[in-house]
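Enquirer: Pasting in a structure now, in structure tokens, and then I'll have a few things to ask.
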Amino acid sequence: MRFCVSSQVVRLAYIKGRVHGLNKPIERVLWCQIKLDEPLKPEPGQFVMLWIPGQGEIPLSISDYSVDEGILELVIAKVGKVTTYIHERLKEGDLVALRGPYGRGFSVVRESTCLIVAGGCGLAPFPFLVRKLLEARSSVDVILGFKTASEVFHVAKFVHLARRTFVATDDGSYGLKGTVVDVIKDVVDIKGYDIVYVCGKEKMMKAVVDLCREHNVRCEASLERYMKCGIGICGACVLDPLGLRVCRDGPVFSSTILALIEDFGQSWRDHCGRKIPIPES
Amino acid sequence: MSVHTEVALAGLRLRNPLILASGILGSTASLLVRAGSAGAGAVTTKSITKEPRSGFENPVIYELEYGLLNAIGLANPGMDFFKKELKRAKQLLRIPLIASVAGSRPEEYADLAARAEEAGADAVELNLSCPHVKGMGLDVGHDPKLVREIVEAVKGSVNCPVLAKLSPNVTNIVEVGKAAIDGGADVLVAINTVRAMVIDVDSKKPVLSNKYGGLSGPAIHPIAVRCVYELYEAVGDTVPIIGVGGVMDWRDAVELMLAGARAVGIGTALYTYGLKAFKVILKGIVNYVKEQGFRNLMDITGLAHKYS
């Protein structure tokens, strides 16, 4: 059948798996390992749609994936109906279903000097990216930003892989005091990097992208939008004026493209598709 | 000898017969423009309702080997917001802009159509066929009397061509098509998706949150061919038909044209192959028409009726 040929490229039917490990590094974040029935071929920065039968389906960044064990790692923040159910009810051994991997991920550059900048749960896709960058003989520095000490998590995942890891909190209760943007400006020399990867709140990403452009440093950012279909059909996650879909043309975009996106750092769409300003915090 | 790809459709002039079908990529001006740049002959918006609709909860889509099952739930920002998108699309597009509207009552359709035309739509398509939203689409589109009333009301409120999009989920599509023509429809569009369901055997639950959805893609192509054939047999060239349903390549498109379609809607193929589907399919149709010794793409419309 003709349709089958293409589904080798973009796979949509659910892949089943069982919850292999669960742990809450902080109250509002769940770290979840899923042992899959079938192998995936994900790239860092791609996402999956996780279906909890009877509850709903949500997009989640691939946090890490082990080819040998077939184990997928996800970082799940408690934000809505489905994630609250996952936080409160999901247990080891539960059957889950997912489709993907979808979207375009980060460029894995070879033998380069890289900087990763993450705000809060925006660190989700980076454990996988760091491993892939190291496999490609690149070196990686990491800047992690959190609101306060009680929100800090996953630092150890980066410390033992990255060349240098900086942690900052807004109130200075853990690590450096300030935002990730402050760390870029005051602590590291941004011009010394071949590429900067950023994920977190969009206003922060906009600031990082602008800084990189100012210093002529290549930059990639992973965007978040309300998603329905996840495969580029429904138009829920469109970016104006280019008509780029975060789910299929992204979620990772280069700073060259982002310079042309008037919505970046400004607006997104509600569940009906009305454009609304991105909230400040 | 070159082949003319232009198609005339109830006063609309299309540079080629491939139309972005409603429901896919038509949610913003930017996406409509992208489809236009990719080679579409005309573009159709996602269906717009009076009030904003957030649609159904996820999962709203599921892929099968032979097609896509969806129940997005007519998610749209409502006509008040969407008029801005229509205006922008009209400014940027060099091809006809078709606004799809969905409602429950004739006056509602008439009002939506009038506002769409005012905002710049070159034609309006009446969604009489969405199979998964209560009280809208198919719920009104299966009743020939109501279809006639809706089309009549819309014809009384706009000057632009009115397209009636029909459902295959009826006993007799010709009866509904004729009712639309009696109401004054300028073009028939056939078909919308086929009402369907998928159940996950592990959880023993329907996959879509809405349980029911609409099936598109290769699975429904032969149904579309049958519907277009039946409609053309009944109405001939009096009212042009846009054939929609599982067009994945030029053969599928040509099949619908031979059955009686003057133009062809593209939807699921844009998911499967991306936006390049427009150019690839058009090239195939042009080659076929040339090889068959015709000058115009329109020349092959309805030819299957001659040989049967």
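The values are calculated or read from the model by the stated rules, or taken from the named source; none is laboratory data. Because the structure is predicted, anything quoted here is derived from the model rather than measured. Neighbour counts run over all protein chains shown; Cβ positions are idealised from the backbone, glycine included.
Enquirer: Among the numbered conditions (1) in a strand (DSSP E or B); (2) within 14 Å of chain B (Cβ to nearest Cβ), tell me where A:Tyr226 comes up short.
Expert: (1)
Enquirer: Looking at segment A:125-184 only, could you name the residues that are in contact with an Asp or Glu (Cβ under 8 Å, 6 or more places away or on another chain), closer than 20 Å to A:Val75 by Cβ, charged (D, E, K, R) and free of Cβ contacts under 8 Å to residues at least 40 places away in the same chain?
Expert: Passing the criteria: only A:Lys147.
Enquirer: Just for segment A:167-196: of the residues that are in a loop (DSSP other than H, G, I, E, B) and of a type in the set (D, E, K, R), which one is surrounded by the fewest Cβ atoms within 10 Å (Cβ to Cβ)?
Expert: Ranking the candidates gives A:Asp189 first.
Enquirer: So for segment A:79-102 (the condition being within 24 Å of A:Ile58 (Cβ to Cβ) and in contact with a helix residue (DSSP H, G or I) (Cβ under 8 Å, 6 or more places away or on another chain)), does at least one residue qualify?
Expert: No: zero hits.
Enquirer: Mind counting the residues in segment A:267-281 that are away from chain B (no Cβ under 14 Å), in contact with a strand residue (DSSP E or B) (Cβ under 8 Å, 6 or more places away or on another chain) and either assigned to a loop (DSSP other than H, G, I, E, B) or hydrophobic (A, V, I, L, M, F, W, C) (or both)?
Expert: 1
Enquirer: Does A:Asp249 fit the bill of being within 14 Å of chain B (Cβ to nearest Cβ), part of a loop (DSSP other than H, G, I, E, B) and in contact (Cβ under 8 Å) with a residue 60 or more places away in the chain?
Expert: On the way: within 14 Å of chain B (Cβ to nearest Cβ): yes; part of a loop (DSSP other than H, G, I, E, B): yes; in contact (Cβ under 8 Å) with a residue 60 or more places away in the chain: yes.
In short, yes.
Enquirer: What residue, of A:Leu72, A:Leu50, is surrounded by 22 or more Cβ atoms within 10 Å (Cβ to Cβ), at pLDDT 95 or above and within 11 Å of chain B (Cβ to nearest Cβ)? I'd like the intermediate steps shown before the answer.
Expert: On the way: A:Leu72 fails: within 11 Å of chain B (Cβ to nearest Cβ).
Residue meeting the stated conditions: A:Leu50.
Residues are listed down the side, and each one gets a yes or a no for (1) crowded, with 24+ Cβ neighbours inside 10 Å; (2) under 13 Å from the mean Cα position of the chain (by Cα); (3) part of a loop (DSSP other than H, G, I, E, B); (4) on the phi < 0 side of the Ramachandran plot:
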{"residue": "B:Lys134", "(1), (2), (3), (4)": "no, no, yes, yes"}
{"residue": "B:Asp139", "(1), (2), (3), (4)": "no, no, no, yes"}
{"residue": "B:Leu146", "(1), (2), (3), (4)": "no, no, no, yes"}
{"residue": "B:Val154", "(1), (2), (3), (4)": "yes, no, no, yes"}
{"residue": "B:Cys160", "(1), (2), (3), (4)": "no, no, yes, yes"}
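Enquirer: Still on this model: Looking at (1) crowded, with 23+ Cβ neighbours inside 10 Å; (2) touching a Gly at 6+ places or on another chain (Cβ under 9 Å); (3) within 28 Å of B:Leu282 (Cα to Cα); (4) modelled with pLDDT of 95 or more, can you tell me which one B:Gly41 breaks?
Expert: The one condition B:Gly41 does not meet is (2).
Enquirer: Let me ask you something else. For B:Arg115, are the conditions met, namely being over 18 Å from B:Ala179 (Cβ atoms) and either among the aromatic types (Phe, Trp, Tyr) or not in a loop (DSSP other than H, G, I, E, B) (or both)? Write out each step before concluding.
Expert: Working: over 18 Å from B:Ala179 (Cβ atoms): yes; either among the aromatic types (Phe, Trp, Tyr) or not in a loop (DSSP other than H, G, I, E, B) (or both): yes.
For B:Arg115, the condition - over 18 Å from B:Ala179 (Cβ atoms) and either among the aromatic types (Phe, Trp, Tyr) or not in a loop (DSSP other than H, G, I, E, B) (or both) - is met.
Enquirer: Return yes or no: is A:Gly200 under 20 Å from A:Glu43 (Cα atoms), within 14 Å of chain B (Cβ to nearest Cβ) and not hydrophobic (A, V, I, L, M, F, W, C)? Don't jump to the end; show me each part of the working.
Expert: Details: under 20 Å from A:Glu43 (Cα atoms): yes; within 14 Å of chain B (Cβ to nearest Cβ): no; not hydrophobic (A, V, I, L, M, F, W, C): yes.
No; evaluated as a whole, the condition is false for this residue.
Enquirer: From (1) in contact with a Phe, Trp or Tyr (Cβ under 7 Å, 6 or more places away or on another chain); (2) away from chain A (no Cβ under 14 Å), pick out the condition that doesn't hold for B:Ile242.
Expert: Condition (1) is where B:Ile242 drops out.
Enquirer: Same structure, new question: Check whether at least one residue in segment A:136-152 is touching a helix residue (DSSP H, G or I) at 6+ places or on another chain (Cβ under 8 Å), assigned to a loop (DSSP other than H, G, I, E, B) and charged (D, E, K, R), and report yes or no.
Expert: Looking through segment A:136-152, at least one residue is touching a helix residue (DSSP H, G or I) at 6+ places or on another chain (Cβ under 8 Å), assigned to a loop (DSSP other than H, G, I, E, B) and charged (D, E, K, R).
Enquirer: Does segment A:75-101 hold any residues that are surrounded by 22 or more Cβ atoms within 10 Å (Cβ to Cβ) and touching a Ser or Thr at 6+ places or on another chain (Cβ under 6 Å), and which are they?
Expert: Within segment A:75-101, A:Val75, A:Ile76 meet the criteria.
Enquirer: Examine segment A:120-134 for a residue that is at pLDDT 95 or above, over 15 Å from the mean Cα position of the chain (by Cα) and among the small types (Gly, Ala, Ser), and state whether such a residue exists.
Expert: no
Enquirer: I've got another one for you. Going by the structure shown, is B:Asp139 over 20 Å from B:Ile242 (Cβ atoms) and within 14 Å of chain A (Cβ to nearest Cβ)?
Expert: So B:Asp139 fails the test.
Enquirer: Then there's this: Can you name the number of the only condition in (1) touching a residue at least 40 places away in the same chain (Cβ under 8 Å); (2) in contact with an Asp or Glu (Cβ under 7 Å, 6 or more places away or on another chain); (3) at the interface with chain A (Cβ under 9 Å from one of its Cβ atoms) that B:Ser100 fails?
Expert: It is condition (3) that B:Ser100 fails.
Enquirer: With segment B:1-74 as the region, which strands (runs of 3 or more DSSP E) entirely inside it contain at least 1 residues that are at the interface with chain A (Cβ under 8 Å from one of its Cβ atoms)?
Expert: In segment B:1-74, the matching strands (runs of 3 or more DSSP E) lie at B:61-64, B:67-70.
Enquirer: Could you count how many residues in segment B:75-96 are under 22 Å from A:Cys237 (Cα atoms) and either of a type in the set (Phe, Trp, Tyr) or more than 10 Å from chain A (Cβ to nearest Cβ) (or both)? Even if it seems obvious, please write down each step before you answer.
Expert: The first filter runs over segment B:75-96 and keeps only residues under 22 Å from A:Cys237 (Cα atoms), leaving B:75-90, B:92-93.
From the residues that got through so far, the ones that are either of a type in the set (Phe, Trp, Tyr) or more than 10 Å from chain A (Cβ to nearest Cβ) (or both) too are B:79, B:81-83, B:86-87, B:89-90, B:93.
Number satisfying all stated conditions: 9.
Enquirer: Still on this structure, please answer the following. With A:Arg225, A:Arg274 as the choices, which residue is without any contact (Cβ under 8 Å) to a residue 24 or more places away in the chain, surrounded by fewer than 20 Cβ atoms within 10 Å (Cβ to Cβ) and basic (Lys, Arg)?
Expert: Within the list A:Arg225, A:Arg274, the selection yields A:Arg274.
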